[in-house]
Structure formats: C-alpha cells, structure tokens
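The structure appears below as structure tokens.
The values are calculated or read from the model by the stated rules, or taken from the named source; none is laboratory data. This structure is a prediction, so every number in the text was calculated from the model and none was measured. Cβ: placed from backbone, ideal geometry, glycine included. Neighbour counts: every protein chain shown.
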Amino acid sequence: MKINFSCPVCGGVLADEGRTYRCEKNHCFDKAKQGYVNLLQSQKSSKKRHGDDTLMVKARQDFLEKGFYNDLCKGLINAVLKTAKEETTLIDLGCGECWYTSQLFESLSENGNNPSVFGIDISKQALIAGSKRCKDLKLAVASTSDIPMPDESCDIAVCVFAPYAEKEVHRILKRGGVFIKAFPLENHLMGLKSAIYEKPYKNEVNEETPAGFERIDFIKTNNSITLETNEDIINLFKMTPYYYKTGRADQMKLEKLSFLETETEFGIVIYKKV
Ligand SMILES: C[S@@+](CC[C@H](N)C(=O)[O-])C[C@H]1O[C@@H](n2cnc3c(N)ncnc32)[C@H](O)[C@@H]1O
Ligand SMILES: [Zn+2]
C-alpha cells in the first residue's frame, strides 16, 4: 500500500485527491499551483521560522546545478540503493529545492524500485523550486520537528545539512528502516574559510548514534573544487552559515575574488532502526 502524508490536525492519513489532500475527518489542504502542500500548522510553529529565503535558495540552486557537490550526491545515491527495499518509501528531511531528492527518486526509479519519495522543508521558496524540478515528488511545507507522516511508514529517511529531531525520525521509520545523514567534516570548505578569516578553525564534528538506532555504515568523501567565477564563490558563501555571521569587511574580501580552490569533506552515516 502506498503511504501518504498524515493530517497535521488529527494525525489521520491524508488522501491525495489531486488538487487537495483530505483526511477522514474532512480536514482539507489545497496544493499550491506548483504541486506542494502547506501542512505547517501556524499555532504549532514558532513565530520566527528559519526556513531558507529566496536569496539562499537561488544561491544553492545555482551552485549545486554546476555539479560541485556531485560526489556527495553519488555517495547518497549509493547509500540509498544499498539499503532500499522494493517500493521504497523515502523522505528527505529539510529537502531544500530537491536537488538531492530528485536524483534519489530518479536512481531508485531507474533501478526498478517504484519508490514513493517525499520531501519536507520549512521554506516555501525552496519547495516552489523543488516542485518545479521534479513533479514526481510529494512535497510539503512542514517542520522536521513535527513530521506529517504516519508512525512506522518510511523505509528510508535522508537528511542533508538540515536540522532534525531524532524522536521524529525514529517514529516515522519502520523497524529495520534506515536514517541516512550527510554532514560536513573537519576540513570542509577550509579554502573558503582561509579566504575570509585570518585564523580559520576546523569544523566541529559531533556525530553520535541516536537512541533506538545502530550505526551500520560510514562513508567519507574528500574532494577539491575549483571555483573560477566570483558568482560561484559568492553562491557558495551564501550557502554557508559564515555569510550571515561575517562582518561587512570580511564579506568584502570575497567580493573581489574570482578564483578559489577549496576542500569539500562530507560524512555520510547510515543508522538502522532497531
Ligand atoms: C542547508 S539547507 C539544505 C537543503 C538541502 N537538504 C540541500 O542540501 O540542498 C537546510 C534546509 O533546511 C530547512 N530547514 C531549516 N529548519 C527546518 C525545520 N525545522 N524543518 C524543516 N526544514 C527546515 C531550510 O529551509 C533549508 O532548506
Ligand atoms: Zn485530520
């Protein structure tokens, strides 16, 4: 049986009626014209939302489109194909504009898996872009701290650089289901940081197996990327937290740069729900 989103009001299953999702209690959520649905309950969410704005979404989309993070995407695809069962139900938590999500869908489909691929993100701007990128994804504006999916409904949950709540990931996964998380390692973007800061620090990595899971694999990817236009450099900068933490004087250092070589270093960890 194909799984669907759950109702954010009563928790019942939402039936997909084409333009609308509706639960048995008649709570009804219209899809936006692009195809995603807003399941974020305003009374449950804090006033200040931290979803990515148009500027961040555009910068990330332009940067990823050029293939600079292809090795991470390949690593994620391998991790998913290795762990996927037939007719996999996968959810991407904090999917952004679905650059990874859509490629995971395509790889599973090409392998004859007949998957159902969901994505949630708190940013409406990101999901507008995601809906345009791939019509086969089921996308909802929602928070990873209150995932609109039934208990034990997913085979795979993926999270790439987004915040998540361990208990929620555990709740929505089937027993034996896997949680695949990508995160930056110590030396990730050291070249970029060296161009901004006099004393660049290594990233702190705190990777701990969440309660109720066992760690079954860890993959590390290392690469060096060469950015040959100022636009690419600024796009990368805007994707990082440094852009918002850096003072104007340091920001200006990058505005003059038209060449940058920097390391990328990602970890992909796979946890299995026990
Ligand atoms: C660094 S971006 C990563 C996006 C995407 N996974 C990628 O790598 O291209 C983090 C994403 O998490 C989203 N986000 C932040 N807080 C969230 C929350 N509580 N629930 C859902 N999404 C959230 C942001 O809107 C943003 O799209
Ligand atoms: Zn309902």
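Filtering segment 100-114 to residues that are of a type in the set (A, V, I, L, M, F, W, C) and under 13 Å from Leu139 (Cβ atoms) leaves only Phe105. A residue that is of a type outside the set (Asp, Glu) and over 26 Å from Asn78 (Cβ atoms) cannot be found anywhere in segment 151-164.
When you scan segment 143-248 for strands (runs of 3 or more DSSP E) that lie fully inside it, which ones turn up with 1 or more residues that are of a type in the set (Phe, Trp, Tyr) and in contact with a strand residue (DSSP E or B) (Cβ under 9 Å, 6 or more places away or on another chain)?
173-184, 213-227
Look at Ile268 and say whether it is assigned to a helix (DSSP H, G or I) and among the aliphatic types (A, V, I, L, M). Walk me through how you get there before you give the answer.
Numbers: assigned to a helix (DSSP H, G or I): no; among the aliphatic types (A, V, I, L, M): yes.
Spelling it out, it is not the case that Ile268 is assigned to a helix (DSSP H, G or I) and among the aliphatic types (A, V, I, L, M).
Quick grid of which residues meet (1) away from ligand 2 (no atom under 16 Å from the Cβ); (2) at pLDDT below 95:
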| residue | (1), (2) |
| --- | --- |
| Cys10 | no, no |
| Tyr21 | no, no |
| Glu24 | no, no |
| Gln43 | no, yes |
| Ser46 | yes, yes |
| Val57 | yes, yes |
| Phe68 | yes, no |
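Conditions (1) over 30 Å from Arg175 (Cβ atoms); (2) within 26 Å of the chain's Cα centre (by Cα), marked per residue:
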| site | (1), (2) |
| --- | --- |
| Glu228 | yes, no |
| Leu236 | yes, yes |
| Tyr242 | yes, yes |
| Gln251 | yes, no |
| Glu255 | yes, no |
| Ser258 | yes, no |
| Glu263 | yes, yes |
| Ile268 | no, yes |
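Checked across segment 106-120, the condition of being more than 16 Å from ligand 2 (Cβ to nearest atom), of a type in the set (Asp, Glu), under 20 Å from Lys2 (Cα atoms) and in a loop (DSSP other than H, G, I, E, B) holds for no residue. If only residues of segment 80-103 that are in contact with an Asp or Glu (Cβ under 7 Å, 6 or more places away or on another chain) and assigned to a helix (DSSP H, G or I) are counted, the one that is farthest from Thr226 (Cα to Cα) is Thr101. For segment 249-261, a tally of residues being part of a loop (DSSP other than H, G, I, E, B) and out of contact with any helix residue (DSSP H, G or I) (no Cβ under 6 Å at 6 or more places or on another chain) returns 2. The residue list Val160, Val117 contains one member that is touching a helix residue (DSSP H, G or I) at 6+ places or on another chain (Cβ under 6 Å), in contact (Cβ under 8 Å) with a residue 60 or more places away in the chain and not charged (D, E, K, R), which is Val160.
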